[in-house]
Structure formats: C-alpha cells, structure tokens
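A short write-up of the structure that comes next.
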Amino acid sequence: MTEVAGPPPSPVHGRIAFVFDDHFDTDRIIGAARMHDRRVHDPDYLQTWVMHDLDPGFAGAVTPGDVLVAGQLFGFGHPHAQAMRAMRALGIRTVVAESFFPTFECNERHAGMILLACPGVSAHARRGDPIEVDWRRAIVRLPGASAVLTAVPLTDHEIACLQAGGEREWLLRAMRGGIA
C-alpha cells in the first residue's frame, strides 16, 4: 500500500467523497470485525473493504484528490491506522472536520494526512460537491453551497511536516540535517 509521498498540493481541489457524522469511529471505515482478521495489514484486503459497510461502491468511485468531511471528533475510538492507510492508498489525503479526536489527529498528521478543523463545514458539505482546501491559508471553499469558511490555522511545524510528506519524513530529514 502506498503511503503519502511528498508535499500535497495547495490548495487541494477535489470533490467531497463522503460526509461523516459526529463522533465517527474510523474502525467503521473497514469494519470493526475486519480489524481482527489476520489480513488487516494486507493493502489489497483493506482496499477491498474500505467503506464497504457504509457504501459498497465507495472504493471504485473515489478519485485521487477527493476529500472527506466530518462533524465533531472525527476519528473517535481506537487509534487503529489501517482505515486511513486505506484512504491514503485510494488517493484521499485531506479530511476537513468540525474537530478531530486527539489520538487520531496525532497519528494522521504523523502520516502526512491534511487535517483541517473547520467549524460549520458539515452544515455546508454535500457528498459529490466540489471542494477547495487551502490548507496553508486555512480556507475551505464549497462552491456548491456558495460557502467560504475559515478553518483553524495550521502551525508552522504542521505546514513544514506536510511539505515534507508527513511528520515521519520531517523527522528523518531533521535527523539527516536536512531541516534548518
């Protein structure tokens, strides 16, 4: 399975692949029962089941650059990484949510996922609509709803990590002396 490589575009132009409710547990993305399957680390297996219980056609309809939108505390629950690893493999690198569960946020920033907390986004978001996410300026545009929303700005460190391809990559570069 391909992990995030290199810096993401800014702004991100895509469409809304899915709108999740408040307190969504990401284990539901591949199905909690599948978390106990011995193949849970197999990329082909994960891609087969991503969102299957919520929308069986999801994986086939996703295009690289699509964005996930969610309500409050997206990523609530256990800190399993498999679901979002499957999303990244499908080309989804951005989640805009009202707020994030702290453990999820920490893990996904480490992996290079763009995460923007944007109050009010779920009220304007409709699945399939276009979305523009300017993560450097913390602006979310939803042309279908004629909405321009201000997100919580990322820190300079978070921006540097995204530009490096994730915090892991940023740390590796720093250890090699490639970060001033």
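The values are calculated or read from the model by the stated rules, or taken from the named source; none is laboratory data. Keep in mind the model is a prediction, meaning the values are calculated, not measured. Using ideal geometry, Cβ is built from the backbone for each residue, glycine included, and neighbour counts are taken over all protein chains shown.
Here's a check for you: in region 134-179, which residue that is of a type in the set (D, E, K, R) and over 18 Å from the mean Cα position of the chain (by Cα) is farthest from A123 (Cα to Cα)? Can you show your working first?
First, pick out the residues of region 134-179 that are of a type in the set (D, E, K, R): 134, 136-137, 141, 156, 158, 167-169, 173, 176.
In the following step, the residues that additionally are over 18 Å from the mean Cα position of the chain (by Cα) were identified as 156, 173, 176.
Numbers: D156: 29, R173: 39, R176: 44 Å.
It comes out as R176.
Tally the residues that are closer than 14 Å to M113 by Cβ and touching a helix residue (DSSP H, G or I) at 6+ places or on another chain (Cβ under 8 Å), restricting the search to region 144-161.
Quick first cut of region 144-161, residues closer than 14 Å to M113 by Cβ only: 154, 158-159, 161.
Now narrow it down to the ones that are touching a helix residue (DSSP H, G or I) at 6+ places or on another chain (Cβ under 8 Å): 154, 158, 161.
Result for region 144-161: 3.
Is it the case that some residue within region 57-70 is among the hydroxyl-bearing types (S, T, Y), surrounded by 17 or more Cβ atoms within 10 Å (Cβ to Cβ) and either over 15 Å from the mean Cα position of the chain (by Cα) or within 30 Å of R136 (Cβ to Cβ) (or both)?
So in region 57-70, the residues among the hydroxyl-bearing types (S, T, Y) come out as 63.
Restricting the remaining residues to those that are surrounded by 17 or more Cβ atoms within 10 Å (Cβ to Cβ) gives none.
No, every residue in region 57-70 fails to be among the hydroxyl-bearing types (S, T, Y), surrounded by 17 or more Cβ atoms within 10 Å (Cβ to Cβ) and either over 15 Å from the mean Cα position of the chain (by Cα) or within 30 Å of R136 (Cβ to Cβ) (or both).
Residues in region 156-176: is at least one aliphatic (A, V, I, L, M), part of a loop (DSSP other than H, G, I, E, B) and either touching a residue at least 60 places away in the same chain (Cβ under 8 Å) or at positive phi (or both)?
no
I'm checking my understanding of the structure. Among residues of region 129-180 that are surrounded by 15 or more Cβ atoms within 10 Å (Cβ to Cβ) and of a type in the set (V, I, T), which one is farthest from E98 (Cα to Cα)?
Residue satisfying both the conditions and the ranking: I159.
Is there any pair linking a residue in region 120-144 that is farther than 17 Å from R15 by Cβ to one that is modelled with pLDDT of 95 or more and of a type in the set (G, A, S), with Cβ under 7 Å and at least six apart or on different chains, and which?
From region 120-144, the pairs are A138/A151; I139/A151.
Could you tell me which of the residues F18, F24 is in contact with a Phe, Trp or Tyr (Cβ under 8 Å, 6 or more places away or on another chain), part of a loop (DSSP other than H, G, I, E, B), hydrophobic (A, V, I, L, M, F, W, C) and touching a residue at least 40 places away in the same chain (Cβ under 8 Å)? Don't jump to the end; show me each part of the working.
Numbers: F18 fails: part of a loop (DSSP other than H, G, I, E, B).
Just a single option satisfies the conditions, and that option is F24.
Take T94 and decide whether it is of a type in the set (S, T, N, Q), modelled with pLDDT of 95 or more and buried (at least 17 other Cβ atoms within 10 Å of the Cβ).
yes
I need a count of the residues in region 36-56 that are of a type outside the set (D, E) and either surrounded by fewer than 14 Cβ atoms within 10 Å (Cβ to Cβ) or assigned to a loop (DSSP other than H, G, I, E, B) (or both). Give the derivation first.
Step one: filter region 36-56 for residues of a type outside the set (D, E), giving 36, 38-41, 43, 45-52, 54, 56.
Among the residues that remain, those that are also either surrounded by fewer than 14 Cβ atoms within 10 Å (Cβ to Cβ) or assigned to a loop (DSSP other than H, G, I, E, B) (or both) are: 36, 38-41, 50-52, 54, 56.
Summing the residues that are of a type outside the set (D, E) and either surrounded by fewer than 14 Cβ atoms within 10 Å (Cβ to Cβ) or assigned to a loop (DSSP other than H, G, I, E, B) (or both) in region 36-56 gives 10.
Out of everything in region 91-136 that is touching a strand residue (DSSP E or B) at 6+ places or on another chain (Cβ under 9 Å), in a loop (DSSP other than H, G, I, E, B) and among the charged types (D, E, K, R), what residue ends up being farthest from V67 (Cα to Cα)?
E98
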